[in-house]
Amino acid sequence: MRIVAGAYRSRTIQPVPGNTTRPTTDKIKEAIFSRIGPYFDGGQMLDLFAGSGNMGLEAISRGMNEVWFCDSNVRAIQIIKANANSLKCEAQCHFMKADYRMMLKRMAQEQRCFSLIYLDPPYRKQRIDEILSFVSEHSLLAEEGSVIAESLREDEFSSQYGEITKCKEAIYGITKITYYKR
C-alpha cells in the first residue's frame, strides 16, 4: 500500500498481517479523495475501523491536522503506530485500541467534532446505521463535515440521519462507498 498524494506521496505503509483486515485499494482511495476534495486545509478526522491507518494517514498527507485512529485489533494499532512513525507524523495521530462503541462514547464525552469520519467496518458486521445515528445525536460531525462509509455493494442505508444527508453512492466491484454530508 502507498500514500497516493500530498506530503507523503508515494511512501509505502505496511498492511496488517493476515486476513483480519481488508485494506481499501488505492483505486478506491483515490476516488474517495477526488470526491471529497483532494487536499484539506486542516481539520480533524475519525478513522473508526482503522486497520493499517491507510485512510487516516492519506488524510494527514493531504493536509488534515489530526486523526483519531480506532481499531479493536491490538496488532492493527501497532501497525498504525509504526506507519505513523515511518512517516514522522505521530504528533498528528491519536491511537485507541477499543471497540467502536467505546471510541464513539469517548469522543462524545470529549465533545469532539470531526470534519471527516471514515467508516470501514467488517463487511459482514455492518453497524453503519447505528454509528451514523450516534454521530448525528451527539453532534460529532462538524458543519459541512463528511462521513464516508465503505460496505458491500448490496448494503442499503438511510438517506438521512438527523442533519447528516446522503449525497452519493459509488460502486467498485463488491464495494460500495456511501458519502454523507452535514
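Numerical summary
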{"item": "Counted residues, the range 53-92 - those being in a loop (DSSP other than H, G, I, E, B), small (Gly, Ala, Ser) and in contact with a Phe, Trp or Tyr (Cβ under 6 Å, 6 or more places away or on another chain)", "result": "2"}
{"item": "Condition check for Ile60: among the β-branched types (Val, Ile, Thr), farther than 23 Å from Leu140 by Cβ, touching a residue at least 12 places away in the same chain (Cβ under 8 Å) and buried (at least 21 other Cβ atoms within 10 Å of the Cβ)", "result": "no"}
{"item": "From the options Gln78, Gln92, residue that is modelled with pLDDT of 95 or more, surrounded by fewer than 17 Cβ atoms within 10 Å (Cβ to Cβ) and farther than 21 Å from Ser34 by Cβ", "result": "Gln78"}
{"item": "The listed residue being closer than 28 Å to Ser139 by Cα and not in a helix (DSSP H, G or I), out of Ala7, Ala50", "result": "Ala50"}
{"item": "Test: residue in the range 125-143 that is free of Cβ contacts under 8 Å to residues at least 12 places away in the same chain, over 20 Å from Gln14 (Cβ atoms) and of a type outside the set (Gly, Ala, Ser)", "result": "yes"}
{"item": "Looking only at the range 107-134, and only at residues there that are under 15 Å from Lys176 (Cβ atoms) and charged (D, E, K, R), the one that is nearest to the chain's Cα centre (by Cα)", "result": "Asp120"}
{"item": "Top-ranked residue in the range 101-136 [being at pLDDT 95 or above and either in contact with a Lys or Arg (Cβ under 7 Å, 6 or more places away or on another chain) or assigned to a strand (DSSP E or B) (or both); ranked as surrounded by the most Cβ atoms within 10 Å (Cβ to Cβ)]", "result": "Ile117"}
{"item": "Restricting the range 158-175 to residues that are modelled with pLDDT of 95 or more and surrounded by 17 or more Cβ atoms within 10 Å (Cβ to Cβ), the residue that is farthest from Ile28 (Cα to Cα)", "result": "Tyr161"}
{"item": "Test: residue in the range 25-43 that is at pLDDT below 95, assigned to a loop (DSSP other than H, G, I, E, B) and closer than 22 Å to Leu152 by Cα", "result": "yes"}
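Residue-by-condition table, conditions (1) hydrophobic (A, V, I, L, M, F, W, C); (2) touching a strand residue (DSSP E or B) at 6+ places or on another chain (Cβ under 9 Å); (3) under 23 Å from Lys27 (Cα atoms):
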site	(1), (2), (3)
Asn65	no, yes, no
Ile80	yes, yes, yes
His94	no, yes, no
Glu110	no, no, no
Arg124	no, yes, yes
Glu137	no, yes, no
Arg153	no, yes, yes
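The values are calculated or read from the model by the stated rules, or taken from the named source; none is laboratory data. Nothing here was measured: the structure is a model prediction, and the numbers come from that model. Glycine gets a Cβ as well: all are built from the backbone with ideal geometry, and neighbour counts include every protein chain shown.
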